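Bear in mind these aren't lab numbers, they're just calculated from the coordinates by the rules spelled out. All values reported here derive from a predicted model rather than from experimental measurement. Cβ atoms come from the backbone with ideal geometry, glycine included; neighbour counts cover every protein chain shown.
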Amino acid sequence: MAANTVEGPVAHHFNNMGQQLATVRFGMWLFLVTEVLFFGGAFCAYTAYRVWYPRDFEAGSAALNVGIASVNTFLLLTSSLTITLAIRSAYVGNRNGLMRNLLFTIALATAFLGLKAREYQIDYEEGLMPGSYTTMKPEAAKRDAELRDALQPLVPMLDAAVSEQEAIAFVPGKYPRVVRDPLAFYKFERLEHLFQKVSGRLNHAPDGFNENVVLALEEVHYKGERTDRIAPSEVAAEVDAIRALKVIPSKAELEAEAKKKHDKGEFNPSRVQLFFMFYYSMTGLHVLHMIVGLGLLTWQLIFARMGFFDHKSRYVYIEVMSLYWHFVDMAWMFLLPLLYLCGPHTSGQAVEQFQMAIGLTHSGH
Amino acid sequence: MFAFMETPPFLPEQASEFSKEYDVLFWYITGVSALGAGVVYSLLIYCCFAFAKKEGVAPKRILGSNKLEFLWTIIPLMFFLSFFVWGVRQYDVAINPPPEAYDREYTVVGKQWMWKVQHPTGHREINEITLQEGVAVRITGTSEDVIHDFGIPAFRSKFDVVPGRYTSAWFKPIKPGTYHLFCDQYCGQGHSQMVGKVHVLSQENYAAWLEGIYRVRDGKNPVDGSPAWEGRKLFLKLQCLNCHNRESESRAPTLEAIHKSKRALQGGSTVVADDTYLRNSIRNPMKEVRDGWKPIMPAYTRAQVTEEELLNVISYLKSLKPGDLPSRTESSPAPVGAPNVPDPPVSPIPAPTTGGAR
Amino acid sequence: MADILLEPARLDYTPQMLPEPEVSFAAHPEHKHYLNHEYGLLSWLLTVDHKRIGLMYLVSVSIFFMFGGIAAGLVRTNLITPTGAILELDQYNKAFTAHGTIMLFLFLIPVIPGVLGNFLVPMMIGAKDMAFPKLNLASYYVWVSGALFFVWQLMVGGLDTGWTLYPPYSSKYSHTNVLYAGLGIFITGFSSILTALNIIATVHKMRCPGMTWGRLPLFVWAMYATSVIQLLGTPVLAVTVVMLAVERLAGVGIFDPNLGGDPILFQHMFWFYSHPAVYIMILPGMGVINEVLTCFARKNIFGYKAVAWSSVGIAVVGFLVWGHHMFLAGQGYYLAMVFALLTMLVAVPSAIKVFNWTATLYGGSITFQAPMLFALGFIILFTIGGVTGLFLGTLGTDIHLHDTYFVIAHFHYTMVGGMMFAWQAGLHFWWPKMTGKMYSDFWSRLAAIVMLVGFALTFLPQFAVGYLGMPRRYPNYPPEFQIYNVLSTAAAYVQGIGYIMPIFYLGASLFFGKSAGNNPFKATGLEWQTSSPPSPHNFESTPEVYFGPYEYAVADGLKIVPLNDGKVRDIKHEDPDLVSSHEPAKEATHGS
């Protein structure tokens, strides 16, 4: 179509209609480039962690609600269709058609957002929130108490391990040196790791350790923070295992132990939380973009009602709106497989396994 | 305030094997850059004088020259690539330790705002690292909290210590002396306090340091953190000086030059004062009493001096040469248990059990 | 070399004042220009005129520059003594962070695109305004509100993470306003994106007839390359700041190793923007230098294509070298090698430019007014800044110099000695165009010299003390470094005086300056074919362009022929008789 001949007002700074239309479209494409880079940064970070922690991310993904996501995909794709039809309506000057198509797009987008809200609600009820999610559930207090009891045997054990490891020997003929009992040291390290999992605190210094042990325990008792990293039953099992240590495992044995845990499907709760952080951030960004788009669509609908689009040249504003909308759609098409479809969704077992591993009761899926 | 009046340093010390190689590349790049800049500047100055506006002289219409463009693309590129190749070779040397360095693995943990260095022998230092001249060592680091950077300019060595992972470097000191240790990654309020000293000692001095009897004298700062120095502080704090002093030997023998000396005990036997003897004399003085003195020395239990502190006291005693004992009038830290001085916090450890452990 | 000269020199040629523009508005007795055609606060606050918006940026950016300068003064004064002369440790940390963030985000990045870019790009391509004038105004408001919010956060709680915001310190340990400061950065970044979008669309779609890509002034090429970088890079910074904010709020462990995160990931994402950001800062400055050098040497630029393509080359390769900030951070060995090689490649276009500029002076007819002094200062200082970058880009030498004062001296030479001087050159060059007044020649030349001497002496000792090993961001330092710090601080005060001087003589010119005339420096370029100050719509009728920029060594320079003349002419460069040839047009494009 000959750009110069489309009927409509030309802005003061443009020479002719063709220039105006071309510039408006070009401007929107440039903006979309920035949006690609914006989402792209988040996608890159997500990809890095997905590669590093595949099982944990798969487990998190398995817990998401694919059904709602599928319906949402259908709604969003259809809205892309309706807004493209709206361009045509504007181009030929069909005001009613334009309003109708815009209205459909708005309706479909609203339905998407409504379903998304419901999906977030379900996720919340299932406890799939990053941060101290279990404290949002009423069972959190019970878990706190259990954990506190499970940690009781730790305190004297840690002290014993600390004093054991600092056994001092005078080696005749040489300068006096601190000889660490390797076994004791290893037990100590295991305990320290266990303690890290419980309190989230990293301690490398055996010599200040006792104070830190006490302080961290207090944190566990009184603040209840970060108690969701390890289930209380696991603490007791770990403590027994450490007590029973007679020999220091070799590096190969340690790796085999880690692999066994890995294959058993045990998940690292903090990494699964990381997945959910990405899930909420990326879908949240997408929702924000949809809300902005919804606002703009509504504005265009109102203007259409007022006769703004009776000048056929103004179809270009519907066109750039549709460009933005298609981008939002495309972002969703990337989000869907990356977030929702990266785990074994064919069986409900994966979900159950995950929920049991992190100590939640199965709430009906 | 007027420290700057002394002659400032101009070039950093070349204290490690790598420093020498490093400086050659550094000055090569400097030379090439100076050459390039010199060409540009001379042309600039020449043009400013030769082509300053003169009446009646028209500017030339010169659009460019492909030949010149090519030349001044390729020549800088060649130089830059030479920097790159040489730089990669040096980087290779800097991050790949020689095999002998793997026998001496040091670890360092950075935390806000101090360095905790651990020697392969078990020695631990805070904000200091003592090394032997001519011996390549490898150092591995991690951080407890934020990212720090363990940097020793005299060795031209630097590596980030990152929480959650291990990073490492190696160096071979070749020049005895004391050099700066800096934290080179911003880490918060105390970033500039996270500095320390690197002591490179000759072989004999290093061996003596290992024994705990070599005191690293910095010249300006007498406090050096060696075990012997710590022991000296304790000697004063625990009031040993009240009886064991140079002024009078009525209550207790002076302890100067005690190490490895023969001591005559009550009951006629003679014993060589080795480490075990010294330790027992402090822990259980009634057991072996020196001939000629009364058994009035109190026993120092674990509650008063821990094993590690005891080690430091023994190091000090071993280092005592005639005339070294402090004068009785020297001011000392407040003694343990003195009034108006709060007792140090007691660690919530249960009472020590018997049998060697604390 | 005979092949260089394309025509013999004309000995009887003397540079002439370009004739008054043949456009109709100049004939109006009381012609209204953009400053006086509308009065009132609202006419400024709601303006969509790119020139007024440029002036608003000028005022705001200058105010923030003063803030950043005060922070720098605090930092340098504190470093007079080894134990810190005037600030506590945490105050010092807030001061250097404030200096860095304000100077980078609120001065260096927006200054030339916001002031000169907005003001000049439409005029240089013969357009009446930017492609999206209202977006331009919105972009200004977004910027200024983000900047005010950011500065408020700095005052209220401070930010002490350094401008680099590295976690885990910024996400877990810092007790300052990381979250809100990050929000401020996010908002100003958004404005950066919108300005860039505007400039790209303008350059693509709004060029007047005959203004082909090959005839664009190099300032426009530089602005275009800058805008591409801004468009592509800033969103990554935005998402990085968002992730840092989430980390700080929720503590989920994106960058926390205790929880499975990776602090190095932040560094990768941060530097992916922040390295191209330094090219955002320097490229517009290089663009200005092209304009100033050619005007004051009365010559074409040497190697137009080389300079234009080197801007594009810097923009493209600049995205590939971010890892050279992280050589010691623990990234892999082979990755470090790749980044080092690419860094050497990105150094080449800058070198090409410096050689081209120097060659531009050859055979010229040079005068030394203030813009030229600033431009010459740029070449001198940027050369030093550029070559010291080589030390840092070479893997072996970076080990010792990383995070020392050597790095600080390097980037100050490029950013201040480079960009700041280019900004001063541009400000002084186009001041008569923007305001219609001429400033004092003597005071402006003096200010240039004071700035040059002050700046050079401030940072030269820092190379030395950095090589000796003095680390960055240290309020206390070993006493033997004191002499270098004292020298540096003393020269910094001189430099500060240099920066304050333009306020006085430029300000004085507004009230007492002579009227500048349309083209006081007898420059080519479409912007000089407008009145000073320009009329609201720049050109009354669309200009047509017949030859490239910088045709100084030509008898009549650039002429505009109004479109309604009916004749379309295309005249080649090499034709000495420019006015009289009437060849058929090779490219008659309208609003390409």
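Counting Cβ atoms of other protein chains within 10 Å of each Cβ in B:160-167 and taking the mean gives 6.
The Kirkwood radius of segment B:98-221, taken over pairs of alpha-carbon atoms, gives through the Stokes-Einstein law at 37 °C and 0.692 mPa s a diffusion coefficient of 226 µm² s⁻¹. Annotation: average projected area of segment C:97-142 is 3.4 square nanometres, based on the convex hull of Cα atoms across all directions.
With 10 Å bins beginning at zero, the pair-distance distribution over Cα atoms of segment B:1-136 amounts to 8, 19, 23, 19, 13, 10, 5, 2, 0 %. Can you give the angle from 0 to 90° between the axis of helix C:482-512 and the longest principal axis of chain C, with both taken from C-alpha atoms, to the nearest 10? Helix C:482-512 and the main axis of chain C meet at about 30 degrees.
Calculate how large, on average over all directions, the projected area of the Cα convex hull of segment C:61-192 is; give the answer in nm² to one decimal.
Working: hull surface 35.8 nm².
Average projection, Cα convex hull of segment C:61-192: 9.0 nm².
Over all directions, how big on average is the projection of the convex hull of the alpha-carbon atoms in segment C:255-371, in square nanometres? Before the final figure, lay out the partial values.
Working: hull surface 35.1 nm².
Result: a mean projected hull area of 8.8 nm².
Backbone amide hydrogens, once placed in the peptide plane, bring residue C:298 within less than 5 Å of C:365, excluding anything fewer than 5 places away on its chain. The string of couplings for segment B:143-152 from the Karplus curve (6.51, -1.76, 1.60, θ = phi - 60°) is 10, 8, 9, 10, 6, 10, 8, 8, x, 10 Hz, one whole number per residue in order, with x for Gly and Pro. Karplus-derived 3J(HN,Hα) values for segment B:25-41, using 6.51 cos²θ - 1.76 cosθ + 1.60 with θ = phi - 60°, are 5, 4, 6, 5, 4, 4, x, 4, 4, 4, 4, x, 4, x, 4, 4, 5 Hz; glycine and proline are entered as x. Loop exposure criterion: GluC sites (Glu not before Pro), DSSP state outside H, G, I, E and B, at most 12 other Cβ atoms within 10 Å. Applied to chain C, the longest stretch between such sites is C:89-573.
Largest first, the extents of the alpha carbon coordinates of segment C:118-250 on the three principal axes equal 59, 23, 21 Å. For segment B:275-280, backbone phi angles converted through the Karplus equation (6.51, -1.76, 1.60; θ = phi - 60°) give residue-by-residue couplings of 4, 5, 4, 5, 5, 5 Hz, Gly and Pro being listed as x. With equal scatterers on the alpha carbons only and no solvent term, can you work out the Debye log10 of I(q)/I(0) for segment B:227-319 at 0.11, 0.14, 0.23 1/Å? Once normalised to I(0) and log-transformed, intensities are -0.28, -0.47, -1.39. Scanning residues 5 or more positions from residue B:130 or on other chains, those with amide H under 5 Å from its amide H are B:199, with H placed 1.01 Å from N in the peptide plane. Over chain C, the reciprocal of the mean inverse Cα-Cα separation, the Kirkwood hydrodynamic radius, stands at 24.9 Å.
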